[in-house]
1. If the requirement is being within 24 Å of PRO244 (Cα to Cα) and in contact (Cβ under 8 Å) with a residue 12 or more places away in the chain, which of these qualifies: LEU313, LEU303?
2. Would you please list the contacts, defined by Cβ atoms under 8 Å and residues six or more apart or on different chains, that run from a residue in the stretch 49-70 that is in a loop (DSSP other than H, G, I, E, B) to a residue that is of a type outside the set (Ser, Thr, Tyr) and at pLDDT below 80?
3. In the stretch 259-286, how many are of a type in the set (S, T, N, Q), surrounded by 10 or more Cβ atoms within 10 Å (Cβ to Cβ) and modelled with pLDDT under 80?
4. Of everything in the stretch 287-309, what is surrounded by 10 or more Cβ atoms within 10 Å (Cβ to Cβ), outside any loop (DSSP other than H, G, I, E, B) and at pLDDT 80 or above? Give them in sequence order.
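The values are calculated or read from the model by the stated rules, or taken from the named source; none is laboratory data. Given the structure is predicted, the values throughout are model-derived calculations rather than measurements. Cβ: placed from backbone, ideal geometry, glycine included. Neighbour counts: every protein chain shown.
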Amino acid sequence: MAQVRKYAALPDLDESPDTYETPDLTDDASTLPTSTAWSETSDTEANPSISRSKLHPNEARSQFQSSRVDARETDFSDRVSSKRRAYVVSNREQDDGEDYDSGDENESLQRKLARLNREVQEVQNELDKRKSEANGTEAHTDNEDVAAQLAQLSTALDGMRQSQSAQSRLSRQLATTAPSKAEAVTIPDSTRTEEATKETVDTQALNKVADFDARLAILERQLGITSLDAPEASTATSFLPIIPTLSLLDRQLALLTSSTSQTHIDTLAQKLQQQQQTPKPSGTTDGLHELHTPEDMAKLRALYALLPTLTSLSPTVPPLLTRLRSLRTLHANAVTASQTLDEVERKQDEADREIREWRDGLKKVGEAVAKAESGMLENSAAVETWVKELEERVKRLA
């Protein structure tokens, strides 16, 4: 009844009970079941599109029996995430009792590297999980062995990744251009030894470049060239710039060897001898102490402490002074530039005002010309009518 109530609203519903009737048996009717088996005299025998080859379940099963699908902790959601773990399909075939991994022959190098990186990350995550769950010493030693192997594998992957970077390309170019020992190295046939030799060549080239750069930097610091660009680099007391020191010595020697300086030095030496020979009054020391207060002495000590810094900064002082002089001229011009700019703006305003006046005058002149043209047209029309009237009158008089 519940079914009738459920489908009562449907049209063409027959609510009468179902009856199953069989026809009456006759003498000529056969009760044997008809055969549905295929016979050789079937009409479909001549159809070439039907494949009549038999299936071999064992062979079909052997194609997929060696495949192993590892779907543990696999995320089948549709989220876009770089850390999503996918399932791994491995195909291993039995050959003389030994297993070997068939792999994908068409897999590219980049895909292999990406797959290895992903597997290394998965192993690292599983190792961290084991470390968090492990309690015994045996498990700890096993985890240490796995961690060591994982570190070696990560180092190998990093080396392969760095071999394709810009730094490795630069080192290879330097190794090919510069005559180095890497040219005489014979690369073995095995892949591992070839990669090892490439890494050694790269490291040798980089070490040579770094050594040359360090020597060049030391030479520049000794010559005082870097102090022009980076004054803070020349503050070290271990390096004295050679070029500024030589120029200072040259000036001192020029002063000592010149004729005027010799006479001046002689006069100074005589004055010093006279002062040394003359007795000093007792009150001079007190006067000196009175002249030099503790504040003055502190300032003198501070200036004396700043002498090494000032000496190291001596190469930068001349270009700095020239720049300051140029800046002074620029500032002096900037003071007058503001006044000149104001004058230019005032003249521009006056020109704009005159242009507006000229525009108004031209507009008025255009209106007057238009009125004059309209008046001339009207006058010409009136004159034409007058001429026509005169012609008619002349014709009448004639």
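1. On the way: LEU303 fails: in contact (Cβ under 8 Å) with a residue 12 or more places away in the chain.
Result: LEU313 is the single residue among LEU313, LEU303 that is within 24 Å of PRO244 (Cα to Cα) and in contact (Cβ under 8 Å) with a residue 12 or more places away in the chain.
2. Matching pairs, first to second residue: SER66/ASN91; SER66/ARG92; SER66/GLU93; SER66/GLN94.
3. Of the residues in that region, 4 qualify.
4. ASP296, MET297, ALA298, LYS299, LEU300, ARG301, LEU303, PRO308, THR309
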